[in-house]
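Have a look at the structure below before the remarks.
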Amino acid sequence: SNDELVACYNAWATRENASNPAAELPMSSTEFIFKASGIKSRYNIDKVGTLDIDRMRPRVRTRSDDEPSLMVEIGGIAAREALANAGREGRDVDFVVLAASNIQRAYPAMAVELQAHLGSTQGFGYDMNVACASAAFGIQAAVDAVRLGNARCALVVNPEITSGHHNWRNRDCHFIFGDAATAVVVEPLETSTAKAKFEVLGTRLKTQFSNNIRNNAGFLNIAETTPRAWDDLLFQQEGRKVFKEVVPMVAELLSGHLADLGLKPEQVKRFWLHQANLSMNQLIAKRILGREPSELEAPVILDEYANTSSAGCVIAFHKHHADFGAGDIGLLSGFGAGYSAGSVVVRRV
Ligand code: CO8
């Protein structure tokens, strides 16, 4: 909860200030967090380590090379649930895209490990990192592969262990992220055995370079001539600038995509938007619709989950699609670092 997180941060900041009064670290507050972001709580892969003021990061057990990786383990749980909903099993999968904000290791690809973990012996897999837009980018790759006949049962998995690359000692953003994993199955409509089918009417992606969300961790760190500070290897952002620049970019992308598909915004029953900030989501939906969105039109899951990076829009879809009837149209969108943004327009079959 916000209270637990704030208590931990404030205890740490108080101790730092006592040992170095010049530090003047400001205190965090539960009220600010909810007012500025709409977040009330988040899930965390290891709450104990994250709330330990001597550590303030999760404890992830170092696994042997023979054990499933953590990303594969949590991605596998989401994948199995998605496959069950689609009436499929792991062995049916012939394309795995593992798309997330940070990948646990360089190689072998996590997607290839996941493919084996699920019992698939056919096809191929690869990893992809497009930050918070990773789900939308992964879905486009899956849709294209299925459309071209390169895959018959594609799986897009987003294991987002954001707690491992987050700076829990930065008061301005320590509350933003949560951990989660999501998965989506993409197949040709004719052969799909899913109970609830959604036809993909179109996908559209956009990127535009910005340094306002950045993480400098990478394979060249060890070779760099000037070692980087520990917090330079974690998530960092200019939150205000992100807010101001990403809202118009995403609203324009989504409006343009709908127009090119011959759809009016009012024909869209639901916008499953990336869950980063409540007012950001409301503003994007308002720009597209030309009025305030209702809670049903742009559902929010961020209060419980916080920003789970690419998983957020898929969680919103997962929790808010059961009331769709045949012909109802929805739009899923992820956006974030890069900048990057994606739009996936679907119709319930
Ligand atoms: N408690 C109390 N006060 C605070 C706190 C706090 N915790 N934090 C800041 N304040 C204070 C500030 O000091 C400031 O005080 P003053 O006015 O006196 O200077 C005041 O509150 C306002 O601060 P801000 O201007 O920073 O506050 P905002 O209203 O802008 O809200 C947000 C901050 C919530 C961060 C907001 O700007 C926001 O949500 N922006 C959009 C961010 C966003 O969408 N980022 C996307 C990143 S995610 C992504 O792309 C994927 C990356 C990979 C994910 C993996 C992560 C580990």
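Bear in mind these aren't lab numbers, they're just calculated from the coordinates by the rules spelled out. This one's a predicted model, so the numbers in the text were calculated from it and none came from an experiment. Please note: Cβ atoms are built from the backbone with ideal geometry, for glycine as well, and neighbour counts cover all protein chains shown.
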### Summary
Rounded to two decimals, the Rg over Rh value of the stretch 1-92 from Cα coordinates and the Kirkwood Rh reads 1.17
### Share of Cα-Cα pairs in the stretch 8-48 lying beyond 16 Å, as whole percent
53 percent
### Query
Once both axes come from the Cα atoms, what is the angle between helix 239-260 and the longest principal axis of the chain, in degrees from 0 to 90, rounded to 10?
0 degrees
### Task
Please express the Cα-Cα pair-distance distribution P(r) of the stretch 133-224 as a list of whole percents, one per 10 Å bin, running from 0 to the bin with the greatest distance.
13, 32, 29, 19, 7, 0
### Query
Equivalent-ellipsoid semi-axes (√(5λ), Cα gyration tensor) for the stretch 247-303, whole Å, largest first?
18, 12, 9
### Task
Residues in the stretch 163-192, backbone N under 12 Å from the label point at Asn85 (7 Å along the Cα-to-beta-carbon vector): list them, ranges by number please.
182-186
### Message
For the chain, place one equal point scatterer on every Cα, skip the solvent, and apply the Debye formula. What is log10 of I(q)/I(0) at q = 0.09 Å⁻¹?
### Response
-0.49
### Rg/Rg_ref, the stretch 270-349, where Rg_ref = 2.2 N^0.38 Å and atoms are Cα
1.03
#### Entry: Net dipole in debye of the stretch 60-146 [+1 Lys, Arg Cβ; -1 Asp, Glu Cβ; about Cα centre; nearest 20]
140 debye
### Query
Quick one: Cα convex hull volume of the stretch 177-224, Å³ per residue?
204 Å³
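Which peptide among 23-35, 309-321, 220-232 comes first, and what is the full order, when sorted by highest mean count of other Cβ atoms within 10 Å?
Descending packing order for the listed peptides: 309-321, 23-35, 220-232.
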### Message
Using 0.36 nm times the number of residues separating Ala23 and Ala11, minus their current alpha carbon distance, what extension gain do you get?
### Response
2.9 nm
### Task
Please work out the FRET efficiency for the pair Lys241 and Arg291, using the Cβ-Cβ distance as r and a Förster radius of 25 Å; give the result to the nearest 0.05.
0.40
### Task
Under a 10 Å cutoff between Cα atoms, tell me which one of Glu252, Glu67, Glu292 has the largest fluctuation in the Gaussian network model of the chain.
Glu67
#### Entry: Under the Debye formula (equal points on every Cα, no solvent term), log10 I(q)/I(0) of the stretch 1-157 at q = 0.14, 0.18 Å⁻¹
-0.83, -1.06
### Translational D in µm²/s for the stretch 192-299 (Stokes-Einstein at 37 °C, 0.692 mPa s, Kirkwood Rh from C-alpha pairs)
195 µm²/s
